[in-house]
Each structure stands twice: as C-alpha cells, then as structure tokens.
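The values are calculated or read from the model by the stated rules, or taken from the named source; none is laboratory data. Everything numeric in this text was worked out from a predicted model, so none of it was measured. Don't worry about glycine lacking a Cβ; one is built from the backbone with ideal geometry, like all the others, and counts go over all protein chains shown. We work out accessible area using only protein heavy atoms, side chains counted, and drop any ligands, DNA or RNA first. Shrake-Rupley method; radii C 1.70, N 1.55, O 1.52, S 1.80 Å.
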Amino acid sequence: MNQLKWQSPSNIALVKYWGKKGRQIPQNPSISFTLKNCKTETSVSFEPSDHFDLHFRFDGKENSEFQAKIHKFLLENMDSFPFLKQLDLHINSHNTFPHSSGIASSASSMSALVMCLFDIERTVNGTDGIDLKKASYFSRLASGSACRSLFPKMALWGETPAVKDSSDEYAITLQDRIHPIFKDYHDSILIVSDAKKSVSSRAGHALMNGNPYAESRYAVAKNNIENLLKALETGDLETFIHITESEAMQLHALMMCSNPSYILMKPNTLRIINTLFEFRQETDIPVCFTLDAGPNVHILYPDQHAEMVERFIMDELEQYCVSGQWIPDQVGDGASKC
Ligand code: PMV
C-alpha cells in the first residue's frame, strides 16, 4: 500500500467572493491572506483494485457527510483523474483548528485533498512536478475559495485588468507583488460563536442572484481589487484598512438585504468591532478587522504591533469570545507535502 500526506491551510478573504455563475466562476475577483496555523492534514493510502473505492475518515472516525462530499467530487471529475478507476483509496483527514470553532474547513480540506490526488497521479503515472494552476483549478471545483489556499502569502482569484495572468478558473500567488509588511501579517481569529453556520456559503452565493444590489456590489468589488492591489504593493495601510473593513461590512449588508435575509453578526461581534475602533483611535496602531460569512472576527495587524495587539485582545476582547477562545494565526506559505 502506498501512502502520502499533504497539508493545506485555510485562507481569509480581504476582498470577498460572494456570488457565482456557471461552474464555480466568481462574479468578481477576490484577494486573500493564506493562513499558517489553521490547516488540514490529509493522508491517503492507496492500492490497485479492479474498481474505484473510497474509505474516508475524519480524525480517525468515519464521517458520512464528508465522505459523501468527497465521493461526489471524485465521481464528477473521474475523467480528469482516470487512474482513480483502478484504486482503492483510504483517506484520513485532520484539522489543526478545533472542529467547533465555526471556522470553515472546506478551503483547507478540499485543497489538501486535491494536492493528494495530483501526488497520487505523479506516483502512479510517473509524471514529475505538480502544476499549481491545475491544482487550484480543481480545488475551485471542489469548493470555490479553496483555490486560493495553495499559494504562499496572498492569492488573487478572478480576472482583473490589473493583473495580466489573473483568471476566473484558478488563483495565483501575489507573493511577489506585495510589500514586505504583509508577508508576516497576523490574523487572530476571535471565536464569537462555535455553532454551525446558519446559512451555508452555497446558499449565500445563490441568494446573490435575486439581490437588488448585486450588480453594484460586483462593480464595487472590482474597483476594490484594483485599489487594494496598489495598497498591497506600496504598503499603504490606511487604504488596506479602509477596503478590508468595507468589504466585511458589505458581505454582511448583502446578507441582510437578501430574500430571505440573515443577520450573521452576534451582539459580541459588534462589541468587538466597536472596542477595536476605540483602541485604534487611542493608539494609532494600524489594526483592523474582517469577517467571514459568520459572527467570528478576524483581527488583522502587522507583526511589529503583535505584542500590543495581543495584550489588547487578552485584556479587552477575550471576554466576548465563547469560552475565551481565540486562535492566533499569521500569513503562511500555502500547501506542502508532509
Ligand atoms: O468558497 P465558498 O463557496 O465557501 O465561499 C466563500 C465565501 C466567503 O468566505 C464569505 C468569502 C471568500 O471569498 O472566501
């Protein structure tokens, strides 16, 4: 039995992907930080068989929900991975972040799985190297934003006139286009609720189809991409903060005016944001927040201010986190073989 193992991190979008068309094609480009500590480790054992068979375990236990999702993805893409038709696959997956942290694991888990698939192909067919564009393409088909997780530091997914090799079909790294200050940026994830998401991202994207603000949202996002790219290049933190926070607010505003509508923030989400604004005003430290499609708050800050901001989190924000839980994370290097 052959065995291989990959790890891939989660990512946090600054300009959000919210709304899609066709086969997981985004309505607007998005930009994300690749994280370091929040990741999925996936090991795959495989042996020749006369038919395809899948056995999936999460943390060593069978998990029918994940098994069904992976099975569906593999069957849909069997023509692209024909070697699977003669393999018996045993997959074991583990997240380094708590299962009940409200952090979506589909980006890290699906991108780790896709890297394992390409590595199996390399082993079975004797090909060399893994084409990250192809891996990003299939990660996108598995779970939209997963396509951004593979790359070091920051990724751009979606076509924009500002970046020649950008594409709606896969992400690319922004590592060589960003100011050094962003290469070790921090993201501390404050867990306001550990409940399962009240609306799945699949349902959330679908709600954009009837949203009266959809077209203007896509135009604003495209503009934010161009301005954020400039700020990332020059290290312009004022613009970075303005766009990042505005994007988080817009994502939640879009959900509030969808039909049906959703309020995804909790009272403690707002307490954290307001306390953060006061701290920034008082100290002039360039710390800001972003949100995913849920109540947890991502606090973003440069490495040089880590000590001050983390003391502030412990003294003033931890009280708003469920069981005082927060996860210190930082920009990382993308997927890698273990
Ligand atoms: O990749 P999905 O389908 O789970 O959608 C991700 C949506 C957001 O996390 C809210 C935004 C983003 O760009 O990651």
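So between ASP131 and LYS85, what do we pick up on full extension, going 0.36 nm a residue minus the alpha carbon distance? Extra length available between ASP131 and LYS85 comes to 14.4 nm. Taking the Cα centre of segment 160-294 as reference, the dipole from Cβ charges on Lys and Arg (+1) and Asp and Glu (-1) amounts to some 540 debye. Spin-label model, ASP50 to ALA219: label points 7 Å out along the Cα-to-beta-carbon direction sit 6.2 nm apart. In the context of the full set of protein chains, the chain has a per residue accessible area of 44 Å² (1.4 Å probe).
In units of the compact-protein estimate 2.2 N^0.38 Å, segment 74-152 shows a Cα radius of gyration of 1.14.
The charge dipole of the chain, taken about the Cα centre with unit charges on the Cβ atoms of Lys, Arg (+1) and Asp, Glu (-1), comes to about 860 debye, rounded to the nearest 20.
Think of each Lys and Arg Cβ as +1 and each Asp and Glu Cβ as -1; about the Cα centre, that makes the dipole of segment 1-108 roughly 660 debye. Each residue, GLU76 and MET314, gets one label point 7 Å from its Cα in the Cβ direction; the gap between the two is 4.5 nm. Annotation: lysines with alpha-carbon distance below 16 angstrom to LYS36 (same-chain offsets under eight excluded): LYS153, LYS183, LYS337. Percent of accessible area on the chain owned by carbon and sulfur, 1.4 Å probe? So the carbon and sulfur contribution to the accessible surface is 47 percent.
Here the extension length gained between MET256 and SER200 equals 18.7 nm, from 0.36 nm per residue of separation less the Cα-Cα distance.
Give the aspartates and glutamates whose C-alpha is closer than 16 Å to that of LYS20, dropping any in the same chain fewer than 8 places away, or say none. LYS20 reaches GLU159, ASP168, GLU169, GLU215. Using the Stokes-Einstein relation with a Kirkwood hydrodynamic radius computed over Cα pairs, the translational diffusion coefficient of the chain at 20 °C and a viscosity of 1.002 mPa s comes to 105 µm²/s. The alpha carbon centroids of segment 23-73 and segment 133-165 are separated by 17 Å. Straight-line reach from LYS164: taking Cα to Cα under 20 Å and skipping same-chain neighbours fewer than 8 places apart, the aspartates and glutamates in range are ASP131, ASP176, GLU226, GLU233.
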